[in-house]
Amino acid sequence: RTGCKHGEKLKLPDSGVINLDGNNYYLDEDLIISRPTTITFEKDASLCLNGFKIDADGHKLQINVAKGYEFRIFDCSNALREGHLDANGLWQEGKAEQDEVDMPIYGGAIIGVVSTMPLIQSYGTFYLESGNLVGNTNSATAIMRTQEQGIIVINGGMIMGNAASAIKVDTDTSGQTNGGIGEINGGIISNNKSSYATIQNKGTLTVTGGELTDNQST
């Protein structure tokens, strides 16, 4: 495994609602979440997965990016993580069994979210540069949602085997004049059990690159 250290090791306190200062965070071990958790970044920050995982273990995990700030996920490691698509099309760790599709990934991952809320909620600007968002169930929403002129930019990484759309561009519930902004410039959005992208109510989506394959619908 190769990796790097940028700033401060990410630790999740006992409280399920966490406000983190602007910093560069990194993982040096797998983190398993034991309760519904919401993390809000109210200053510019980044997270290097370093080939490790954040496993929500069936709980809610939501990362909020506050208006006016930037948050970036990237990965300094290309370590192999064995995985497969199960009979329901959801990515799972471990070897494939009969009738399952072998699908290993490289680098770290955020997995195991079960929630009606998005994993990433951006009112500021969120960048996915590398790393994997896989095996999450975000029913009635998406893995990433941008609202109120928030921005989500996908430059790399893999969004695969989730029971949700990859990205939803939306206005907020009070009907703001301007919706969110989504940009897909790279990365792989594949085998998600919904559309790869949705515009709901109002917003802008620009696709200039990336691999968009085998999603349930476009």
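Applying 0.36 nm per residue to the separation of residue 24 and residue 82 and subtracting their alpha-carbon distance, the gain on full extension is 18.1 nm.
Computed on the range 97-173, with alpha-carbon pairs under 8 angstrom and 6+ residues apart, the relative contact order is 31 percent.
So which of 43/193; 9/43; 11/95; 5/53 end up more than 21 Å apart, counting from Cα to Cα? Listed pairs above 21 Å: 43/193; 11/95. Look at the alpha carbon pairs under 8 Å that are at least 6 residues apart: their mean separation over the length of the chain gives a relative contact order of 14 percent.
Calculate the FRET efficiency for residue 140 and residue 102 from the Cβ-Cβ distance with a Förster distance of 35 Å, rounded to the nearest 0.05.
Step by step, r from the Cβ atoms, then E = 0.70.
Taking the Cα centre of the range 29-127 as origin and assigning +1 to Lys and Arg Cβ atoms and -1 to Asp and Glu Cβ atoms, the resulting dipole is close to 540 debye. Here the accessible area is traced with a 1.4 Å probe on the protein chains. For the range 10-90, carbon and sulfur cover 43 percent of it. When Cα extents along the principal axes in Å is computed from the coordinates, the matching label among (i) 70, 45, 34; (ii) 50, 39, 31; (iii) 120, 42, 23 is (ii).
Dipole magnitude for the chain: computed about the Cα centre from +1 point charges on Lys and Arg Cβ and -1 point charges on Asp and Glu Cβ, it is near 460 debye. Probing with 1.4 Å while keeping every protein chain in the model, the per residue accessible area of the chain equals 44 Å².
For the listed peptides 25-32, 107-114, a ranking on the average number of other beta carbons within 10 Å per residue, highest first, reads 107-114, 25-32. Normalised by the number of residues in the range 45-169, the mean separation of alpha-carbon contacts (under 8 Å, six or more apart) gives a relative contact order of 27 percent.
The values are calculated or read from the model by the stated rules, or taken from the named source; none is laboratory data. Predicted model, so just to flag it, every value in this text is computed and none were measured. Positions of Cβ are backbone-derived with ideal geometry, glycine not excepted, and every protein chain shown enters the neighbour counts. Ligands, DNA and RNA are excluded from the accessible area calculation, which covers all protein heavy atoms including side chains. Shrake-Rupley method; radii C 1.70, N 1.55, O 1.52, S 1.80 Å.
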